[in-house]
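Please read the structure below before turning to the comments.
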Amino acid sequence: MEIASKYNPAEVEEKWYQYWMEHNLFHSEPDEREPYTIVIPPPNVTGVLHMGHMLNNTIQDVLVRRARMQGKNACWVPGTDHASIATEAKVVNRLAAQGIKKSDLTRDAFLNHAWEWTHEHGGIILEQLKKLGASCDWERTAFTMDEVRSESVLRVFCDLYEKGLIYRGVRMVNWDPKALTALSDEEVIHKEVNGKLYYLRYMIEGDPDGGFAVVATTRPETIMGDTAMCINPNDPKNAHLKGKRVIVPLVNRVIPVIEDDYVDIEFGTGCLKVTPAHDVNDYMLGEKYNLPSIDIFNPDGTLNEHGAMYAGKERFAVRKEIEKDLEAAGLMEKTEPYTNKVGFSERTDEAIEPKLSMQWFLKMDELAQPAAEAVEQDTIRFFPEKYKNTYRHWMENIKDWCISRQLWWGHRIPAYFLPRGGVVVGMTPEEAFEKAKKIVDYPLTIDELKQDEDVLDTWFSSWLWPISVFDGIRQPENSDIQYYYPTSDLVTGPDIIFFWVARMIMSGYEYRQDACFRNVYFTGIVRDNQGRKMSKQLGNSPDPIELMNRYGADGVRMGMLLSSAAGNDLLFDETLCEQGRNFNNKIWNAFRLIKGWETNDTIPQPESARIAIDWFGSKLTETIVELEDLFSKYRLSEALMLLYKLFWDEFSSWYLEMIKPAYQQPIDSMTYRATLGYFDALLRLLHPFMPFITEELWQALQQREDGDSIMTAQQPKAGSTDSELLNQFEQVKQVIAGVRTIRLEKNIPNKDALELQVIGGHNDRYNSVITKMCNLSSLTVVSEKVTGAAGFMVGTTEYSVPLTDKLDLVAELQKLKAELAYTEGFLLSVSKKLGNERFVQNAKQEIVENERKKKADAESKIASLRENIAALEK
């Protein structure tokens, strides 16, 4: 196979991805091998690739490709999520641009538009993942609203309803006035907002002196919904209000004063306005004291008829208006700046309105117990482990899950209302009708059943994902679910630990009585190099496709991984992609160098090459063992850096230099075969991280059969390690580095051969390597250093290079004397510090020891410099 002079990622990537697809190399079917399964966190069906997806899917691909090369039956299931709120919002916006309102359409007509949008935009992100190199089993692609998944969702709803775990009731919910739907607690983000605390006067009914109580509130627009005032019975300053009634400002409605320990005596004035329809805590007080509830808001956040003179106006506009009206009426005591936390919709960034609403809920206590134990007992392991605490806290304080959404796009709730009250649940209208006939005592037709208008929360489909992708709900005994479940690893972000991870664990135990995965790897959030979260609004998020066009997919994969430590936010810097591209070029050029050598079967193997082969074999094994350990801890960034250093430093800078034949000379065939073998092993180790370049070069290493791929080649196994050889070779490197430093400092060209003299103990086993790497004319042991020699220490052994015929003596003496003066000054400052008794007694022992080492090193260097100066002055 002809290899190009320069690496062209675009050409290579397209060619090999097509090859992998044509040979069906990503596809998996159950067999006798150990399965390795990952299910993709399904991106929004209408989404496009962003940097978070890049990181998440690169990590998944690394894990899947490595498992495949370990002989496991690797199956990575791709798919997309229907994303009710996000998709419906996009469809509504598109219709609005065409002059069409959602309210003007029937449900079916709107759903036709939604499906049209989904077919038009759906799947774009999956195609983009192919450019990244994602080795998903595309034949298994699932969609949360396809037939299998939809039927699974409805079956689970019906099952949980029959078990008494799903119920319908009026509860205080988080209402999104923009999306016009209820949200679960996990879909609400709390932010600090700078606002005001308003002190309002509530006149005391029948008080001849015109007395009043003052209430502090952040939301004066809700006074129209007040149905009581509450004081703490133990509060002496408000004791005069006990048993009284007060008048709501502006609307002049009389409300009772109730007493409850819930009121904080220290907050504000100790008087609390109670608005049961619009505050969670007020709702609980309303339930306790049987207070009426007045809902003053329309679904879109404007005030309704209960808003009196403000009816039809937007809630925040009313806040400004009512402040002026209260001041004009003399009912505003004062205002003061106040910062409090306000809930916002995760999807629309709209301020949440607590609202009483009839919704469907799933009881969580029973489902949560086995899921909590699974993580606590490490049946399911979290990486990093710190997220166990986050998970535990949420599970211990879990609330029932509001699963209904006031939308049209999604799984419509399979509940049917009876004409004279009551509800039945069924997979189809026909099934519901059969159930209804058994419980009613009046004539009934199927058309009289009215299906609930709401749809299920999107997460109610994705919580079943590890089971439903293998059709395990509809067919719990099928061969796929029996083989691939539990899945192996889940790679996701910690921001959806509650939305998704915890709920999947619950569904796994409810429907499979087993964990749904064994390990969860939490990625960090991708930030820019200033630490800001990447977003379209800030304009600091690069387009992943453009990045791949510029640096190649392997380069970008490497850039993402080098910046990502497990569970920690990663600061993405484009220069890391450049480093990735440079590494690609390094691998490419190393391959071209090796392939450019001519071999000769008749020449013997040099001693230096034999040592190099033994050394690199041990180094390779040492790396493989360390790599196994890093993968077991999901430290992928460190694993890649380990391989980067192995290839760049040990293989390219040391091994290839040691075995490289002289210019235009052949290499012996034994060394060449070993080198090709090592290159093959390095490509296989690198393949999970850099799939495209490794496939291209692996195919070019030797003749391959059609259908062969590095993807299915085995990962190299660890052999035996010669620790003594590795340790000794590190000293050899120091010797070579010492000679190279002398060449650099003295401006001696590499082509000029040098003598190297040794004073002290020296292992001559590696002389052939040192001689070759340093271009030595001789390497001899001497009893003392010759005049004019430059020296260096390796351990306790001194090495010197005679230089009398190669130096400008005056310049060299000047340089040595300047270095001596500096080192003597440094020694003086260290000695002063160590002569200070307070420092020696109070400083940490390791700091004192470090200073003593500095002193000893400086003294040794001064002795060596003086010796060199004396030798040159002779």
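Here are a few things to note about the model shown:
- Beta bridges from DSSP with both residues in the chain: antiparallel share about 70 percent, rounded to the nearest 5.
- For segment 46-124, the list of trypsin sites (Lys or Arg not before Pro) that fall in a loop by DSSP and count at most 10 other C-beta atoms within 10 angstrom reads K101.
- Amide H partners (placed H, <5 Å) of G524, local residues excluded: G567, N568
- For the chain, the share of accessible area belonging to carbon and sulfur comes to 49 percent (1.4 Å probe, ligands and nucleic acids excluded).
- Angle in degrees between helix 147-162 and the longest Cα principal axis of the chain, rounded to the nearest 10: 50
- Cα gyration tensor category, rounded, prolate or oblate, for segment 188-293 with a/c compared to 1.5: rounded
- Relative contact order, whole percent, for segment 206-315 stands at 27, derived from Cα pairs under 8 Å and 6 or more residues apart.
- Shape class of segment 507-663 from the alpha-carbon gyration tensor: oblate, with a/c at 1.5 or above and b/c at least as large as a/b.
- Distance between modelled label sites at V48 and R673, nm, 7 Å Cα→Cβ extension: 5.4
- Comparing I587, V625, L561 along the charge dipole axis of segment 512-631, the residue lying farthest to the positive side is L561, per the Cβ-charge model.
- Remark: segment 266-320 carries a charge dipole of roughly 220 debye about the Cα centre, counting +1 on each Lys and Arg Cβ and -1 on each Asp and Glu Cβ.
- When the chain is described by a simple charge dipole with +1 on each Lys and Arg Cβ and -1 on each Asp and Glu Cβ, the residue from L449, T144, S653 located farthest towards its positive end is S653.
- Rounded tilt (10° steps) of 691-701 against the dominant C-alpha axis of the chain: 30
- Averaging the sequence gap over all C-alpha pairs within less than 8 Å and six or more residues apart, then dividing by the number of residues, gives the chain a relative contact order of 12 percent.
- Segment 78-145 versus segment 7-66: alpha-carbon centroid distance in Å: 22
- Packing here is the average count of other Cβ atoms within 10 Å per residue, and on that basis the peptides 749-761, 449-461, highest first, run 449-461, 749-761.
- Annotation note: trypsin sites (Lys or Arg not before Pro) in segment 834-867 located in DSSP loop regions with a Cβ neighbour count of at most 14 within 10 Å are K844.
- The charge dipole of the chain, taken about its Cα centre with unit charges on the Cβ atoms of Lys, Arg (+1), Asp and Glu (-1) only, comes to about 1980 debye.
- Checked against a 28 Å cut-off, the cross-linked pairs K273/K399; K733/K844; K90/K273 give Cα-Cα distances beyond that limit for K733/K844; K90/K273.
- Fully extended contour minus Cα-Cα distance, from R94 to V148, at 0.36 nm per residue: 16.6 nm
- Taking 0.36 nm per residue of sequence separation and removing the Cα-Cα distance, the E266/R852 pair yields an extension gain of 205.0 nm.
- Computed FRET value (nearest 0.05) for I862 with D722, which takes r as the C-beta separation and R₀ as 45 Å: 0.70
- Between 0 and 90 degrees, the angle of helix 553-562 with respect to the longest Cα principal axis of the chain falls at about 80 degrees.
- Sparse packing (at most 16 other Cβ atoms within 10 Å of the Cβ) combined with a DSSP loop state is found for the following chymotrypsin sites (Phe, Trp or Tyr not before Pro) in segment 631-665: Y663.
- Backbone N within segment 857-874 under 11 Å of label point (7 Å from T787 Cα along the Cβ vector): 871-874
- Simple Cβ-charge dipole of segment 618-713, Lys/Arg +1 and Asp/Glu -1, about Cα centre, in debye nearest 20: 160
- Mean ellipticity per residue at 222 nm, deg cm²/dmol - from DSSP H runs of n ≥ 4 across the chain, formula -39500 (n - 2.57): -13500 deg cm²/dmol
- Relative contact order of segment 118-258, defined on C-alpha pairs under 8 angstrom at six or more residues apart (%): 14
- For the chain, the per residue solvent-accessible surface stands at 45 Å², with DNA, RNA and ligands left out and a 1.4 Å probe.
- With 25 Å as the limit on Cα-Cα distance, the pairs of K15/K586; K131/K645; K320/K533 that go past it are K131/K645; K320/K533.
The values are calculated or read from the model by the stated rules, or taken from the named source; none is laboratory data. Just so it is clear, the model here is predicted, and its values are computed rather than measured. Neighbour counts are summed over all protein chains in view; Cβ atoms, including those assigned to glycine, are modelled from backbone coordinates with ideal geometry. Surface accessibility is based on the protein's heavy atoms, side chains included, excluding ligands, DNA and RNA. Shrake-Rupley method; radii C 1.70, N 1.55, O 1.52, S 1.80 Å.
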